[in-house]
1. Estimate the FRET efficiency between Thr77 and Arg260 by the formula 1/(1 + (r/R0)^6), using the beta-carbon distance for r and 56 Å for R0, to the nearest 0.05.
2. Any chance you could run the full-extension gain for Thr222 through Asp209? It's 0.36 nm times the residue separation minus the Cα-Cα distance, nm to one decimal.
3. Of all the Cα-Cα pairs you can form in the chain, what percent are over 28 Å apart?
4. How big is the C-alpha Rg of the stretch 90-194 next to the rule-of-thumb value 2.2 N^0.38 Å, as a ratio?
5. Given the options Arg280, Arg191, Arg290, state which has the largest fluctuation in a GNM of the chain using a 10 Å cut-off (strictly under) for Cα springs.
6. Would you mind counting up the charge near Ile12? Only other residues with Cβ under 14 Å from its Cβ, with Lys and Arg at +1 and Asp and Glu at -1.
7. How far apart, in nanometres, would the label points at Arg156 and Glu195 be if each is projected 7 angstrom from Cα along the Cα-to-Cβ direction?
8. In whole angstrom, how long is each semi-axis of the equivalent ellipsoid of the stretch 134-296, when you take the square root of 5 times every eigenvalue of its Cα gyration tensor and sort them from largest down?
Amino acid sequence: MSDGGTFLTLGIETSCDETAVAVLRDEDKLLANLVYSQADLHAQYGGVVPEVASRDHARKLPYLVKEALSKARIAVTDLSLIAATVGPGLMGPLLVGMSHGKGLAYGLGIPFIGVNHLEGHLFAHRLSAPDAPPPFMALVVSGGHTSLVDVVDYGRYQPVGSTVDDAAGEALDKIGKMIGIGYPAGAEIDRLATEGDPTAIRFPRPMADSPGFDFSFSGLKTAVLYHLRKHPRERPADIAASVLASVVGILVKKSIEAARRYHRDRLVVVGGVAANTHLRESLVASGKGRGIEVLFPPLALCTDNAAMIAAVGAFRHCQLGETHPLSLSANPGLGFNGGSSGSGGKAR
Ligand code: KG4
Ligand code: ZN
């Protein structure tokens, strides 16, 4: 940790198909936050191709680092810490970001820290709402993860439930493909749904009424497939609206129940699917009736970014005194176990 002066963290995120770099001053002031999406590159394949993603991260990352430093108006030698996503995610893409980060840290003689991407999503909230600290219940919902976590404090997490199969965003992306929407489909399903009838088709809500806080979304995907076989001319807008009614219904029920069970009066929703307008409206309305405040980071911090990675790195290094050896390996299956480099959980 630097003695006096400012503490500058470079965050690197390459766990899936976004190449992202950010510069953070101390633990909360964002000086640069650049995200380059590979979505167009993968759209032709209908999903992320790991090898293509790795190569593109390697191609783009050095330029983004340079641009971020220039945007932050600092020299590379001003940096105090390098933080890069260690997992969960795709092995190749994770290795590209980690290796680049380690190389910089080694060359500059500064510490390196590997960041759990899931904890990163939580820190999007810390960055955007420093005045709404833990304890709170958190729903991390994206293309790779759907988890409920009781946040006792930053750095102290109790996993409450998670998906037993597909993540919510993953299911939306796969359903999008069935109705002819390009990858990733979440935002377009969100838009389409506003033109459709959410009661047109009653899709199943798997595990919505089962005890506990785990989720399941793969049955919904299969239900849509069978429905489309029987009704090939069904309006995509009605399918989108009915699918979202099911996904949002499940997410709202489980997260509000979890907040109540754990006696939390605040629910924080993070990750790419937290950008969904229907989920936002429904959660806020449902929370209001039960005295639960529901908060979401701004859209740019909901989807993958490196600001959240830098924020975890700075917190763990400055508050908890953590630093990782350069021998730290990428961990594609990292879960929400409270540590920043532990193991377990589902990779995307
Ligand atoms: O957090 P994120 O950028 O990447 C992962 O860590 O997975 O989330 C991406 C996911 C994709 O599945 C995408 O379809 C979904 O978030 N998504 C949305 C919306 N915007 C992005 N899903 C529903 N409604 C949206 N508005
Ligand atoms: Zn993510």
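Bear in mind these aren't lab numbers, they're just calculated from the coordinates by the rules spelled out. Quantities reported herein were computed from a predicted structural model and do not represent experimental measurements. Glycine gets a Cβ as well: all are built from the backbone with ideal geometry, and neighbour counts include every protein chain shown.
1. It comes to 0.65.
2. That works out to 2.8 nm of additional length.
3. Roughly 40 percent, once rounded to a whole number.
4. 1.35
5. Looking only at Arg280, Arg191, Arg290, the biggest GNM fluctuation is shown by Arg290.
6. Numbers: positive: Lys60, Lys66, Lys102; negative: Glu13, Glu18, Glu67, Asp304.
Value of the local net charge: -1.
7. In this crude spin-label approximation the distance works out to 5.0 nm.
8. 28, 15, 14
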